[in-house]
Structure formats: structure tokens, C-alpha cells
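The values are calculated or read from the model by the stated rules, or taken from the named source; none is laboratory data. The model shown is predicted, which means the values in this text are computed figures rather than measured ones. Because the Cβ atoms are built from the backbone with ideal geometry, glycine has one as well, and the counts that use them run over all protein chains shown. Each accessible area value is taken on the protein alone, full model and side chains, heavy atoms only, with ligands, DNA and RNA left out. Shrake-Rupley method; radii C 1.70, N 1.55, O 1.52, S 1.80 Å.
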Amino acid sequence: MSKRSILVVDDDRSVRSYLSDFLASCGYSVECAESGDQAVARLSAGYVPSLMVLDIVMPGINGIEVLESVKKINSTIPVIILSAAGQTKTVVDAMKMGAADFLVKPFEEQELELAIQNVIEKQKLREEVKTLKRQLDSYAEAGDILSTNPKVLRIKEIAKHVADTDVPVLISGESGVGKEVLARYIHTHSLRADKPFVKVNCAALPDDLLESELFGYERGAFTGALNEKPGKFELADKGTILLDEIGEMTPHLQAKLLHVLQDSEYSRLGGKRTVRVDARVLASTNINLEENVANGKFREDLYFRLNVIRVDIPPLRERREDIPILCNYFLCKYRDRYKSTVEEIAASLMDCFLRYDWPGNVRQLENAVKRYLILPDMNMNLSELKEQQSNSTPVPVKPKEDNMSLKDVGTRAAEQAEKELVLRVLEETSWNRKQAARRLNICYKALLNKLKRWQIDNRHSIGAPRPAPGRDFQSMPV
């Protein structure tokens, strides 16, 4: 891997020489510019450093003007500002314009090193997030299903296996679990993937409108039918049609649908000619069709026609391990759309997500992530989940002292999990803090701040017992 490059911009030769030698000893590739004009000219010529160290006060164009030019030339280049004491207003202006950090002269070498490490860590995080977004987008475009749950992975195997068979598939599950996602997955992996995928919600329209929507009508079939209209089955010819909420279909339409499934033909409303179609039929429902069959609300012969392959998608509360990966997907999907500055789901909120039952399943989780991106107020988001939880079946939680709120429980659990993981990594690295910070994917300064907050200087100052060897920390939000 090539060295990260740093452009030092300072009119003082001794400062440039000192910074060049020090940063080179830290493993960086260093180039220097003695004025703002020279720095802007080099950037305009195509030079793209990993980071800039920029002095505020210089002859010619000053640091603020250089920073403004940098943001116009390449806004992705992070800039660390060097200022003298008493330049607070100038520093504030620089930070508003997008400076990554600032240091007040004179400063210690460790301060500069930590500031650079912190900026580079943030830059790496943004790059990783962009890469993850591209990967997740490619999965979504390919109609993939994001899950690590064994039951869902088994469903994916079944779906892929039956995709090319053209037999009907009945998909059942609670509202919001992803029945349409699975239907699209089956279509994407079938030989009909380049043909239309048409969805019809059988519960959204009254009987007469649904019939005309499914089978179309001829001109003059009823008042207002000024032109003929093809039905959804015709539009799905050679492709796939999803009959969503099939359990809400009336007996009259059930009989007509059965005829289509048996003979692959039907007549439009007001029509005399027979329309033949070749459409793969998928159906989904969130109600118990067996009970409806027993009660006479759903035709038994139609049920057997649809129930060639049956897939039951488990609710989100039974596959909580999917919550983090779904959160990351929704965060990457909607962050740019809502112009959000949120980089990740806060640990305390993720802990609350993992505890919550999600009666609305994946759709509700998606809305919760959207809300957090738009209004990243932790107290509001946690209190809203707490209010929703009080209206649903409570999840058993270990009692806490002093009648702690949900916010306190989530914060304490996340903090404890984070502390235990940090201590374990420190033990494994023989308390080499820099090595531990790299393994934890945080900057060295952030690790020192955590240890200071926990009042831990070394392994002998730990008040609580160390975590037991072999404990699995992978499921804990950090």
C-alpha cells in the first residue's frame, strides 16, 4: 500500500522543515508549499494529497482563502488548520467552511500525530461506508435478500431452486417481513428475469375495480370505459405477477383466478374474445389461509393450486441477528437522500433496536432508521421506541436498580459491552494502546479518551473483574 501523502503549507521555512522531517518519520509522504498561491496552483494541476496541514496567517492569500479554494477544487481533501493564540474567530470560520481539525501553535508532536490519525480514520470510515453502500446497492439491484439467519438462508435456497420451475409459490408471513422482496428475488433468479414483474394488491381495491385491474376491459364495457385497457395479467405476459394479500380476494374473483391458473386464458370485462397469457403466478398473504378455507372464505381448490410451493418468512423478532445488517443497508440507502450527517447507528440505539420486538417488522425498522437520519435526537428516538414497546408484548429485561429508564438501560448496556471489548483487546495486545486502537478500528486519541472516562490507566487500575476468556463479543454493539 502506498504511503498517505500530506501537503504542508506554511510561509515559515523552519516550520516547513520541522513538519516535513517529523511527518516523514511517522511514515507519511510529505510535500511542502511556501505560500497559498503555490498550494492552490499545485492542486489545480491535479495533485491530490491525502491531507493538508495549512497555516492561517501567510502573505498573499491567507489560509482561509486557500481553504475556500481547496473546497472548490476537491472538497474531499481534509484540511488541518494551524493557528496562533487569539485567532479564535478565524478558526471558527475555518471549521464552518469544512476544516477537519485545528491546532494552536505551539503544539506538541503527539497532538499533531493524533489529529492526523483522527482525520485519516474518519476519511477511511467514509471510504468504507461508500464501498459498503455500493455493495449493498448491488445486492438490492440484483434482488438479493440481506440476512444471516439460518431460516432465511434456507428460504433463499428454496426460492433459487424453484425460480425456474414456473410453479405457483405461496409466500406467507406477517406484514412488513419482506414478502414482496422474496417474490422479486424469485423473479430475478428465474428465466423470466428480463420480463415484467407486476404486483397487484388484492386488498387495496373493491371487487369490481380489482377485476378490471386484473383482467382489463373492452371499450364500452361500463360507463366511463372510453378506451380498452389491458389487465395486469396481460402486462405480466412472459413475466411474473404477484398477487399480494390474496386472502382478501372475493369468491367471485377467486373462481375467475382459478380458471386462469388452470387454462392460462380469460376474457376481459365486456369482451368476447379469449385472451391467452403466460404469466408466472406468485401469491402472498399475512392471514391464515387454512382457517379461511375451513371457514368457507377461500376456495379450497384455489388454495391447492396456489400452494404448490409454500414459504413462510419468519418475523424480525425471530431473526434479530439481521437487524444490524438491515440498519446499515437502510442507513447507506437513505443518508444521501436526506442529506444526513449520521455516519452510523449509535450503540445505545442499536442496543435498543436489538431488544425491541418490531411488530411492523422490516418495514418498521426501515422507518425507524429514516427517522434517525432526519432527526438524530437520541432521547426522542429512544423514547419513541419505549412508547411503542409499552403498547406491545414486553421483552423480558434483567431488572435494573433505581427504576432506570429505557435510555439508561440501553446506554449502560452499550457502555459495558464497549468497555469489556476494549479491555479484552488491550489484554490481547499486552496493553499496547496503539495496536489496540488499530484492532478496534478507532483512532488512538479516541481510545485514550475512553480509558480516561473509565479512569483506567493500566491493567492494575481496573476496578471491575476482567472479562472471562473466550466470551463472544461479536453480538455486542460497539
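Pick from region 348-375 the residues that are of a type in the set (Asp, Glu) and out of contact with any Phe, Trp or Tyr (no Cβ under 8 Å at 6 or more places or on another chain): which of them is surrounded by the fewest Cβ atoms within 10 Å (Cβ to Cβ)?
Narrowing region 348-375 to residues of a type in the set (Asp, Glu): 351, 357, 366.
Narrowing the set further to residues that are out of contact with any Phe, Trp or Tyr (no Cβ under 8 Å at 6 or more places or on another chain) leaves 351, 357.
On the way: Asp351: 22, Asp357: 17.
The selected residue is Asp357.
Considering region 222-247 alone, what residues qualify as being among the hydrophobic types (A, V, I, L, M, F, W, C) and either in contact with a Cys (Cβ under 6 Å, 6 or more places away or on another chain) or buried (at least 19 other Cβ atoms within 10 Å of the Cβ) (or both)? Outline the logic, then answer.
Let us first name the residues in region 222-247 that are among the hydrophobic types (A, V, I, L, M, F, W, C), namely 222, 225-226, 233, 235-236, 241-243, 246.
Result: Phe233, Ala236, Ile241, Leu242, Leu243, Ile246.
Filter region 95-131 for residues that are of a type in the set (Gly, Ala, Ser) and either part of a helix (DSSP H, G or I) or touching a Ser or Thr at 6+ places or on another chain (Cβ under 6 Å) (or both) and give the result. So that I can check it myself, show each step before the final result.
At the first step, the residues of region 95-131 found to be of a type in the set (Gly, Ala, Ser) are 98-100, 115.
Hit for region 95-131 is Ala115, nothing else.
Here is a yes/no grid of residues against (1) more than 29 Å from Ala446 (Cα to Cα); (2) touching a helix residue (DSSP H, G or I) at 6+ places or on another chain (Cβ under 9 Å); (3) open to solvent by 40 Å² or more (accessible area, probe 1.4 Å); (4) of a type in the set (Asp, Glu):
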residue: Leu23; (1), (2), (3), (4): no, yes, no, no
residue: Ala45; (1), (2), (3), (4): yes, no, yes, no
residue: Gly60; (1), (2), (3), (4): yes, yes, yes, no
residue: Leu67; (1), (2), (3), (4): no, yes, no, no
residue: Ile73; (1), (2), (3), (4): yes, yes, yes, no
residue: Pro78; (1), (2), (3), (4): no, yes, no, no
residue: Ile81; (1), (2), (3), (4): no, yes, no, no
residue: Asp93; (1), (2), (3), (4): no, yes, yes, yes
residue: Ala99; (1), (2), (3), (4): no, yes, no, no
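Can you find even one residue in region 378-389 that is within 24 Å of Arg126 (Cα to Cα), at pLDDT 85 or above and not hydroxyl-bearing (Ser, Thr, Tyr)? Working first, answer last.
Here is the first cut: in region 378-389, the residues within 24 Å of Arg126 (Cα to Cα) are 378.
Pick out the ones that are also at pLDDT 85 or above and you get none.
Looking for residues that are within 24 Å of Arg126 (Cα to Cα), at pLDDT 85 or above and not hydroxyl-bearing (Ser, Thr, Tyr), one finds none in region 378-389, hence no.
Could you look through region 257-285, keep only residues that are among the charged types (D, E, K, R) and surrounded by 17 or more Cβ atoms within 10 Å (Cβ to Cβ), and pick out the one that is nearest to Ile309 (Cα to Cα)?
Once the filter is applied, the top-ranked residue is Arg280.
Look at Ser172 and say whether it is open to solvent by less than 20 Å² (accessible area, probe 1.4 Å) and at pLDDT 95 or above.
Numbers: open to solvent by less than 20 Å² (accessible area, probe 1.4 Å): yes; at pLDDT 95 or above: yes.
It is true that Ser172 is open to solvent by less than 20 Å² (accessible area, probe 1.4 Å) and at pLDDT 95 or above.
Would a scan of region 170-192 turn up a residue that is touching a residue at least 60 places away in the same chain (Cβ under 8 Å), of a type outside the set (Lys, Arg) and in contact with a Gly (Cβ under 6 Å, 6 or more places away or on another chain)?
Yes; the residues of region 170-192 include at least one that is touching a residue at least 60 places away in the same chain (Cβ under 8 Å), of a type outside the set (Lys, Arg) and in contact with a Gly (Cβ under 6 Å, 6 or more places away or on another chain).
Can you name the condition, by its number, that Lys89 falls short on among (1) among the charged types (D, E, K, R); (2) closer than 20 Å to Lys3 by Cβ; (3) modelled with pLDDT under 90?
For Lys89, the exception is condition (2).
Table: residues versus (1) in contact with a Ser or Thr (Cβ under 9 Å, 6 or more places away or on another chain); (2) under 20 Å from Leu112 (Cα atoms); (3) free of Cβ contacts under 8 Å to residues at least 24 places away in the same chain; (4) basic (Lys, Arg).
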site	(1), (2), (3), (4)
Ala45	no, no, yes, no
Val53	no, yes, no, no
Ile56	yes, yes, no, no
Ile81	yes, yes, no, no
Ala84	no, yes, no, no
Asp93	no, no, no, no
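Select from region 30-42 the residues that are open to solvent by less than 50 Å² (accessible area, probe 1.4 Å) and of a type in the set (Gly, Ala, Ser) and list them in ascending order.
Ala33, Ser35, Gly36, Ala39
Every residue in region 298-357 that is among the polar types (S, T, N, Q) and under 10 Å from the mean Cα position of the chain (by Cα), please. Break it down into steps so the answer makes sense when it comes.
To start, the set of residues in region 298-357 that are among the polar types (S, T, N, Q) comprises 307, 328, 340-341, 348.
Result: Asn328, single match.
Could you list all residues from region 24-48 that are under 21 Å from Thr76 (Cα atoms) and in a helix (DSSP H, G or I)?
Gly36, Asp37, Gln38, Ala39, Val40, Ala41, Arg42, Leu43, Ser44
Could you count how many residues in region 148-175 are over 15 Å from Ala283 (Cα atoms) and of a type outside the set (Val, Ile, Thr)? Let's see the steps before the verdict.
If we filter region 148-175 for residues that are over 15 Å from Ala283 (Cα atoms), which is where we start, we get 148-158, 160-161, 164-165.
Of the ones still in play, those that are also of a type outside the set (Val, Ile, Thr) are 149-151, 153-154, 156-157, 160-161, 164.
Count: 10.
Kindly check whether there is at least one residue in region 4-11 that is buried (at least 20 other Cβ atoms within 10 Å of the Cβ), of a type outside the set (A, V, I, L, M) and either in contact (Cβ under 8 Å) with a residue 40 or more places away in the chain or assigned to a loop (DSSP other than H, G, I, E, B) (or both). Please lay out each step first, then the result.
Here is the first cut: in region 4-11, the residues buried (at least 20 other Cβ atoms within 10 Å of the Cβ) are 6-10.
Subset that is of a type outside the set (A, V, I, L, M): 10.
Next cut, either in contact (Cβ under 8 Å) with a residue 40 or more places away in the chain or assigned to a loop (DSSP other than H, G, I, E, B) (or both) only: 10.
Scanning region 4-11, I find at least one residue that is buried (at least 20 other Cβ atoms within 10 Å of the Cβ), of a type outside the set (A, V, I, L, M) and either in contact (Cβ under 8 Å) with a residue 40 or more places away in the chain or assigned to a loop (DSSP other than H, G, I, E, B) (or both), so the answer is yes.
Of the residues in region 119-152, how many are at pLDDT 90 or above and open to solvent by less than 70 Å² (accessible area, probe 1.4 Å)? Reasoning before the result, please.
Within region 119-152, the subset at pLDDT 90 or above is 149-152.
After this cut, where a residue has to be open to solvent by less than 70 Å² (accessible area, probe 1.4 Å) as well, the list is 149, 152.
The qualifying residues number 2.
Exactly one condition in (1) surrounded by fewer than 18 Cβ atoms within 10 Å (Cβ to Cβ); (2) more than 38 Å from the chain's Cα centre (by Cα); (3) among the hydrophobic types (A, V, I, L, M, F, W, C) is false for Leu191; which is it?
The failed condition is (2).
Against the conditions (1) free of Cβ contacts under 8 Å to residues at least 24 places away in the same chain; (2) within 17 Å of Leu67 (Cβ to Cβ); (3) surrounded by 16 or more Cβ atoms within 10 Å (Cβ to Cβ), where does Arg16 fall short? Just the number, please.
The failed condition is (2).
Just the residues that are open to solvent by 50 Å² or more (accessible area, probe 1.4 Å) and of a type outside the set (A, V, I, L, M, F, W, C), please, taken from region 101-118. Steps first, answer last, please.
Initially, region 101-118 is screened for residues open to solvent by 50 Å² or more (accessible area, probe 1.4 Å), giving 102, 104-106, 108-111.
Listed by number, the residues that qualify are Lys105, Pro106, Glu108, Glu109, Gln110, Glu111.
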